[in-house]
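Only the coordinates and a few stated rules stand behind these numbers; no lab work does. Just so it is clear, the structure is predicted and the values come from calculations on it, not from any experiment. Neighbour counts run over all protein chains shown; Cβ positions are idealised from the backbone, glycine included.
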Amino acid sequence: MKKILALLLTVFLSINAQQKLKPVGNDVHDFGKITKGSVVKHTFQLKNISNQTITIERVQSSCGCTAALISKKVLKPNQIAKITAEFNSQGFQGFQEKHIYVYEKNNPNPIYTLTIKANVYVELEVVPMYMVFDNAIVGVDKQSILQIINRTDKKVRILKIENPYENLQLKIDKNELMPGDFATIQGTFTPNVSGLIRGSFTIYTDASQKKIEIKFYSNVKDKL
């Protein structure tokens, strides 16, 4: 019984907290279809519908990919605050849903939750998303491959591959991709130190998705 009462109290407090603020417009925004790597913004408006002044301590997003800024933190009754949410789609693909939580001063629970959605469209899909060199040994060549698939309805050209690592050699089998076509990139990594190695290289194209950053990883062991 105590657990049920505690749950009901929590629900009541949550509903009561939500009633302090009311959106001017919607509290959910769908960016629709966006290209991977693009940065999109939307500004929400929240109105203080209580009869007391509300002090907002912070706004916090559910993901580091989303930044949230509030225009004013002290809201008198009927005043409106603007909250701008900025979503960076780099590193994401497919349907995404992120939340922005609004916290009142001296309250550990959010008093309002805003939501943004997006369908991140990948013009050039990388499969797998990372280049991994498993079980590498210092001084010994290790190979890995990945594919770049053209998901557009137009021909795409690979302009160049920017690779800052002397011990990572990259070869691509073709530079022009017709719709649905793919290119294979073969990587040869010759580690010179042991441990977990991380890095990235960049592919430049003439598509709307101008560049693709591809990360690589290797867990390198010393020679026996």
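Against the set (1) 49; (2) 54; (3) 62, the structure's computed percent of Cα pairs over 23 Å apart falls on (3). Beta bridges per DSSP, both residues in the chain: antiparallel share near 85 percent. For the residue pairs Lys117/Lys154; Lys36/Lys174; Lys142/Lys223, the alpha carbons lie more than 19 Å apart in Lys117/Lys154; Lys36/Lys174.
Label positions at Lys22 and Glu57, each projected 7 Å from the Cα along the C-beta direction, are separated by 2.7 nm. Between helix 2-18 and the chain there is an angle of about 90 degrees, using the helix long axis and the longest principal axis of the Cα atoms. Set the Cα radius of gyration of region 38-140 against 2.2 N^0.38 Å, with N its number of residues, and you get 1.52. Couplings for region 58-73, taken from phi via the Karplus curve 6.51 cos²θ - 1.76 cosθ + 1.60 with θ = phi - 60°, read 6, 10, 9, 8, 7, 8, x, 6, 10, 9, 9, 10, 10, 6, 8, 9 Hz in order; Gly and Pro are left as x. Across region 132-142, coupling constants 3J(HN,Hα) worked out from phi with the 6.51/-1.76/1.60 Karplus curve, θ = phi - 60°, read 10, 10, 6, 6, 6, 10, 3, x, 10, 5, 10 Hz, and Gly and Pro carry x. Measuring spread by the Cα atoms of region 124-221 yields a radius of gyration and Dmax of 14.0, 44 Å.
In order along region 96-110, the phi-based Karplus estimate (6.51 cos²θ - 1.76 cosθ + 1.60, θ = phi - 60°) of 3J(HN,Hα) comes to 10, 9, 10, 10, 10, 9, 9, 10, 8, 4, 6, 9, x, 9, x Hz; Gly and Pro are listed as x. Determine which residues of region 184-210 fall in the zone a paramagnetic label at Asp222 would reach in this model, i.e. backbone nitrogen under 13 Å from the point 7 Å along Cα→Cβ. Hits in region 184-210 for Asp222 at 13 Å: 193-195.
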